[in-house]
Amino acid sequence: AQSVTQPDIHITVSEGASLELRCNYSYGATPYLFWYVQSPGQGLQLLLKYFSGDTLVQGIKGFEAEFKRSQSSFNLRKPSVHWSDAAEYFCAVGARSGGNEKLTFGTGTRLTIIP
Amino acid sequence: SAVISQKPSRDICQRGTSLTIQCQVDSQVTMMFWYRQQPGQSLTLIATANQGSEATYESGFVIDKFPISRPNLTFSTLTVSNMSPEDSSIYLCSVLPRGPGDTQYFGPGTRLTVL
């Protein structure tokens, strides 16, 4: 069974600083990988996804993530954060089995932005 | 993409009662899912809603507690039965418009509090 680990429960960064959120996954085959963001009281919004091809993927709101198979990682980065980036970030791995697809989520990283 | 709405957006219920949550999509989709997000936790898949047949439940979730309907390709309901305070969570509907390998989109969620 697949699993996702987000080792950082809470991260605080200054506005304008760079950001990296860590994500490690466990899956026996090539995974589908996703980053979602959840603002307070909101549903989940897809930031970016990796299915295949270029291991550096670009997403919305200036985010990017890099798939590193050797490290089983899919870390999320942003060069300069904005106050509006404060939210909960979830990494997820998708697994296909018998025509079905399941998403397994990490426990999330809460991002706080300070002025 | 897909635009998903859920009703109600939030509710406060008494223990022992049941609540039905509706999920409506603006276009026909192949797969629909229901997730639970307990306070401060990540998302856990409850079941896959299958059109015209019984839902497929994940380990730890049973039909008697979480009956699901999916009468067509744009609509599904989740009922939380015989509620207890432990059922207080956010319940999210999600869809895979074109099936496995597509991007999963999430509704805004229903915030349920059980007293």
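A compact table of results
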read-out	value
Surface share of carbon and sulfur [accessible, 1.4 angstrom probe, percent] for chain A	48 percent
Percent accessible area from carbon and sulfur atoms, chain B, protein chains only, probe 1.4 Å	47 percent
Span per principal axis, largest first, for the Cα atoms of segment A:5-107 (Å)	44, 30, 23
Radius of gyration, Dmax [chain B; alpha carbons; angstrom]	13.2, 40
Average accessible surface area per residue within the protein assembly as shown, 1.4 Å rolling probe, Å²	47 Å²
Hits among lysines - C-alpha to C-alpha of A:K78 under 22 Å, sequence gap 8 or more where chains match	A:K49, A:K61, A:K68
Calculated diffusion of the protein assembly as shown, Stokes-Einstein form, Kirkwood radius summed over Cα pairs, 25 °C and 0.890 mPa s, µm²/s	135 µm²/s
Any cysteine of the protein assembly as shown lacking a neighbouring Cys Cβ under 4.7 Å - listed by number	B:C13
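The values are calculated or read from the model by the stated rules, or taken from the named source; none is laboratory data. The shown structure was predicted, so the numbers you read here are calculated from the model rather than taken from an experiment. We place every Cβ from the backbone using ideal geometry, glycine too, and count neighbours over all the protein chains shown. Note: accessible area is taken over every heavy atom of the protein model, side chains too, but ligands, DNA and RNA are not part of it. Shrake-Rupley method; radii C 1.70, N 1.55, O 1.52, S 1.80 Å.
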